[in-house]
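Each reported figure results from applying straightforward, stated rules to the coordinates on display, with no laboratory input. Only a predicted model underlies this, so the values are computations on that prediction, with no experimental measurement involved. Heads up, the Cβs are rebuilt from the backbone with ideal geometry, glycines too, and the neighbour counts pull from every protein chain shown.
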């Protein structure tokens, strides 16, 4: 039997409905991992929602915001977070403190690496939560994407350091 740490190979992004923020974060990390051969194929990147339905597409503006930087998330289908996903996650990145609190209430066996996505920014006074752009203009989605993109290299450094490949 594999050790629990070895079984935990998911990096999971969490938002509310899994149609805006977390699909964009998933796309950003998946794209970034392609340039890191020691991690690509070892880590699986997924996203889910605390109160998501099954099978909803990513919002049109999320798709457009990501398309502008060359990342295609048009095939995304929403899914609710499950205990199996939590049990398989090496790290979970939440968009808000409320998402993080809901994880603790709804799920057991959280990975030791459970964070707000923007906790990895080096400056202490940076806004740590990522607001929901749902229903807003494309510019809000682009701002949300850029807020996530800003922290992606720090998340990559964390994964290179902490994710042990055996």
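Put the Cα centre of region 72-116 next to the Cα centre of region 122-166 and the gap is 15 Å. Using a Gaussian network model of the chain in which every pair of alpha carbons under 10 angstrom is joined by a spring, one finds that among 26, 119, 108 the greatest mean-square fluctuation is at 108.
With helices as the sole contributors, the chain gives -12000 deg cm²/dmol at 222 nm; each DSSP H run of n ≥ 4 counts as -39500 (n - 2.57), and the sum is divided by every residue.
Run the numbers for residue 56 and residue 136: contour at 0.36 nm per residue of separation, minus the present Cα-Cα distance, in nm.
On the way: separation 80, 0.36 × 80 = 28.80 nm, distance 1.80 nm.
Taking residue 56 through residue 136 to full extension adds about 27.0 nm, to one decimal.
Taking every Cα-Cα distance in region 85-166 and sorting them into 5 Å bins starting at zero, the pair-distance distribution P(r) comes out as 3, 13, 21, 21, 20, 14, 5, 1, 0 percent.
Classify region 16-86 as rounded, prolate or oblate, taking a ≥ b ≥ c as the square roots of the eigenvalues of its Cα gyration tensor: rounded when a/c is under 1.5, otherwise prolate if a/b is larger than b/c and oblate if not.
Values: a/c = 2.74, a/b = 1.16, b/c = 2.36.
Here region 16-86 falls in the oblate category.
Considering the chain as a Gaussian network with a 10 Å cut-off on Cα pairs, which listed residue, 42, 77, 112, attains the greatest mean-square fluctuation? Highest fluctuation among the options: 112. Computed from Cα positions, the angle between helix 138-162 and the longest principal axis of the chain comes to roughly 20 degrees. Taking other C-beta atoms within 10 Å as the exposure proxy, 36, 130 rank 36, 130 from fewest upward.
With R₀ fixed at 25 Å, the C-beta to C-beta distance from residue 72 to residue 154 puts the FRET efficiency at about 0.55. Shape call for the chain from the C-alpha gyration tensor, a ≥ b ≥ c root eigenvalues: rounded (a/c under 1.5), prolate (a/b greater than b/c) or oblate? Taking the square roots of the gyration eigenvalues as a ≥ b ≥ c, the chain is rounded. Using only Cα atoms, find the angle between the long axis of helix 21-33 and the longest principal axis of the chain, and express it within 0 to 90 degrees, rounded to the nearest 10. That helix lies at roughly 60 degrees to the long axis.
When DSSP beta bridges are restricted to pairs lying wholly in region 4-160, around 5% turn out antiparallel.
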